[in-house]
Amino acid sequence: MAQVDYDLDKHRAQIAPWEAQSMQYLEHYYDFYIHKQDRNIYCLQAPNRVCLVGLMQLPESNSDVNQPASDSTAPTFTRVPNVEKSKVKRETILCTVNDQPIKACMEGMFLGYNPRALADPSLLAKRGPGYLFMISAQHEDPVKQLNDFEKVDTIF
């Protein structure tokens, strides 16, 4: 009978570089896009046509106009009710971030919000893990699906 190796420390050491630099591996999987008119919106499109949409920078809150800016102030991330598993258009508002409405910017099937960002909105300040929502592309051709976006080498 073959001896089974349960020494997980060996495997943890092997994947440690992946954990430390996990974002660099996204470039091998996703195509990166920036919205042509609102350069603050990015899209990561996977080979299966699922698009992760997020913000390059967080918008300022309307409610904090008279208060000094503070890095310690956590962003707000609010869902729009009744959009789960529904078809969306470019102009469909899917959420608000710091009281600013965020539109879908593409057509397709809304798949859901980023559960980690809903639980911890401070993640929104991080590109990649801080995406806002997922949309399954309506069109197979990325040129047609993402015609409001410009393909870029990276967003990181």
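Our estimate of slack between Thr78 and Leu118, defined as 0.36 nm per intervening residue step minus the Cα-Cα distance, is 13.6 nm. Set the Förster radius R0 to 25 Å, insert the Cβ-Cβ distance between Gln57 and Glu140 as r into 1/(1 + (r/R0)^6), and round the FRET efficiency to 0.05. It comes out at approximately 0.20. Neighbours of Gly112, meaning other residues whose beta-carbon lies under 10 angstrom from its beta-carbon, give a summed charge of +1 when Lys and Arg score +1 and Asp and Glu score -1.
Near Leu55, once Lys and Arg are set to +1 and Asp and Glu to -1 for all other residues with Cβ below 14 Å from its Cβ, the sum equals +1.
Determine the sum of side-chain charges near Thr92: Lys and Arg each +1, Asp and Glu each -1, restricted to other residues whose C-beta is under 12 angstrom from that of Thr92. Neighbour charge sum, excluding Thr92 itself: +2.
Where a number appears in this text, it was derived from the coordinates with a stated rule and is not lab data. These figures come from a predicted structure and were not determined experimentally. For neighbour counting, all protein chains shown are included, and Cβ atoms are generated from backbone atoms with ideal geometry for every residue, glycine included.
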